[in-house]
Amino acid sequence: IGLDYTVRSQQLTQQFYVTIPGGSEERPIIEPDTNRTKEFDGYTVTLDSNEPLRSGVVSTLTYRIERDGKPVTTLQPYLGAPMHLAITNDDLRRFQHTHGLLPQSLFQKIFQPRDPLAQHSHLILPDTFGPDIETYVAFPTAGIYTLFGQFRESDRIVDTKFTVRVE
């Protein structure tokens, strides 16, 4: 169980391991799904990275959300962020929670650059946005990771799942 919470402006993460009586001790072998475009609840979501994923390096991941072949521009904030992501490695020993962000304009990139390591915050967002949502992820070690994402359109919360290999 992974918990991510804030107390007096300090962000904390805790993990707890639960043994289920009668459960199998064997862990499934997780292979990365190389398909970076998938269907989730009627939406086509494409996950793209600016470069190969490597441990110890901050990677920019972009989620592009479409429906019926058209970009979705009516996404709405969900719990104060454009998107929420829970990321875990294949042995479930590493967990992180991060938020998606709206892409920056060229002007913003030059004059208001983001610190990708300090972006876990809730920002003032427009009522609607899309189709692209960016997130920064620093994978701590090489291995296989699963990215569970959630975004919102109208009153629908859409869950996504991508599995990637990090070198």
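The values are calculated or read from the model by the stated rules, or taken from the named source; none is laboratory data. Keep in mind that this is a model prediction, so the values were computed, not measured. So basically every Cβ, Gly included, is an ideal-geometry build from the backbone, and we count neighbours across all protein chains shown. Protein only, heavy atoms only, side chains kept; ligands, DNA and RNA dropped before computing areas. Shrake-Rupley method; radii C 1.70, N 1.55, O 1.52, S 1.80 Å.
Looking at segment 38-51, can you tell me whether even one residue there is at pLDDT 80 or above, outside any strand (DSSP E or B) and touching an Asp or Glu at 6+ places or on another chain (Cβ under 7 Å)? For segment 38-51, residues at pLDDT 80 or above, outside any strand (DSSP E or B) and touching an Asp or Glu at 6+ places or on another chain (Cβ under 7 Å): absent.
Is it fair to say Thr34 is more than 26 Å from Phe139 (Cβ to Cβ), assigned to a loop (DSSP other than H, G, I, E, B) and β-branched (Val, Ile, Thr)? Working first, answer last.
Details: more than 26 Å from Phe139 (Cβ to Cβ): no; assigned to a loop (DSSP other than H, G, I, E, B): yes; β-branched (Val, Ile, Thr): yes.
Spelling it out, it is not the case that Thr34 is more than 26 Å from Phe139 (Cβ to Cβ), assigned to a loop (DSSP other than H, G, I, E, B) and β-branched (Val, Ile, Thr).
Contact annotation: residue pairs with Cβ atoms under 9 Å, 6 or more positions apart or on different chains, pairing a residue in segment 80-93 that is touching a residue at least 12 places away in the same chain (Cβ under 8 Å) and under 17 Å from Ala138 (Cβ atoms) with a partner that is part of a loop (DSSP other than H, G, I, E, B) and open to solvent by less than 30 Å² (accessible area, probe 1.4 Å), are Ile87/Phe139; Asn89/Phe139. Name the single residue that is nearest to Gln15 (Cα to Cα) among those in segment 53-67 being assigned to a loop (DSSP other than H, G, I, E, B) and open to solvent by 60 Å² or more (accessible area, probe 1.4 Å). For segment 53-67, the residue satisfying everything is Gly56.
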